[in-house]
Amino acid sequence: MTRRGLGVALACAAVAIGVATVIVLVANTGSSKAAPSRAEYFGKVAAICRKYGPRLDKVPPPIDVTIPSEITESVRKVEPILRAEAEAVRRLEPPLELRKQLARWNELNLHSIAKLGEALRAAAKTDLRGIQVAYVEFVVTGAKAQKLGHVIGFPSPPC
């Protein structure tokens, strides 16, 4: 092989190795860019909170959780907002070092919000006890998510 032929062959090999490396990186991470830092991630979370927080602030919590109609009125308004906010946060790419904890946090958060759906289904059946039980479970599970969120580094309250 001539010197020029060897140079072309090496250049082709280098390009092939580079393409293979990019393919492996994309396959392993879903993109060729690095995972965000904690600061970048929490900055994106803060932006989501700025979008949904004011809407949530407009919904008063039930004054008396022993009155199912008060729970139901609040839950009907807050559940779709919380669901949209949680989905927006869940779609963010987390920092590598927080992925396991954030997966657990998302699981707790979604479980908590699901309890609001249970409260609404109970309200549709006029299941007064079911409304109250589901709401209390929402509060308890939400507190677990908030505690884990604090450990992860979310501000308290998260939004």
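The values are calculated or read from the model by the stated rules, or taken from the named source; none is laboratory data. Note that the structure is a prediction, hence the values are computed from the model and not measured. Counting neighbours? That spans all protein chains shown, and the Cβs are built from the backbone with ideal geometry, glycine included.
Name the residues in the stretch 85-107 that are part of a helix (DSSP H, G or I), surrounded by 15 or more Cβ atoms within 10 Å (Cβ to Cβ) and over 10 Å from the mean Cα position of the chain (by Cα), would you? Write out each step before concluding.
Quick first cut of the stretch 85-107, residues part of a helix (DSSP H, G or I) only: 85-90, 96-107.
Next, from what is left, pick out any that are surrounded by 15 or more Cβ atoms within 10 Å (Cβ to Cβ): 85-86, 88-90, 98, 101-102, 105-106.
Those that are part of a helix (DSSP H, G or I), surrounded by 15 or more Cβ atoms within 10 Å (Cβ to Cβ) and over 10 Å from the mean Cα position of the chain (by Cα): LEU98, GLN101.
In the list ARG99, ARG129, which residue meets the criterion of being of a type in the set (Lys, Arg) and closer than 15 Å to PHE42 by Cβ?
Exactly one residue qualifies, and that residue is ARG99.
Those residues that are touching a His at 6+ places or on another chain (Cβ under 6 Å) and closer than 20 Å to PRO62 by Cβ, I need them from the stretch 107-159; list them, please.
Step one: list which residues in the stretch 107-159 are touching a His at 6+ places or on another chain (Cβ under 6 Å), which gives 141, 156.
Answer for the stretch 107-159, where residues must be touching a His at 6+ places or on another chain (Cβ under 6 Å) and closer than 20 Å to PRO62 by Cβ: just THR141.
Tell me the residue from VAL75, VAL65 that is assigned by TED's automatic domain parsing to the domain that holds ARG129, more than 13 Å from the chain's Cα centre (by Cα), surrounded by 19 or more Cβ atoms within 10 Å (Cβ to Cβ) and touching a residue at least 60 places away in the same chain (Cβ under 8 Å), please.
VAL75
Quick one: would you say PRO80 is modelled with pLDDT of 95 or more and either over 12 Å from the mean Cα position of the chain (by Cα) or not polar (S, T, N, Q) (or both)?
So PRO80 passes the test.
Could you look through the stretch 108-130, keep only residues that are in a helix (DSSP H, G or I) and among the basic types (Lys, Arg), and pick out the one that is surrounded by the fewest Cβ atoms within 10 Å (Cβ to Cβ)? Give the derivation first.
Going through the stretch 108-130, the residues in a helix (DSSP H, G or I) turn out to be 108-124, 128-130.
Now restrict to residues that are among the basic types (Lys, Arg): 115, 121, 129.
On the way: LYS115: 21, ARG121: 13, ARG129: 9.
If we take residues in the stretch 108-130 being in a helix (DSSP H, G or I) and among the basic types (Lys, Arg), then ARG129 is surrounded by the fewest Cβ atoms within 10 Å (Cβ to Cβ).
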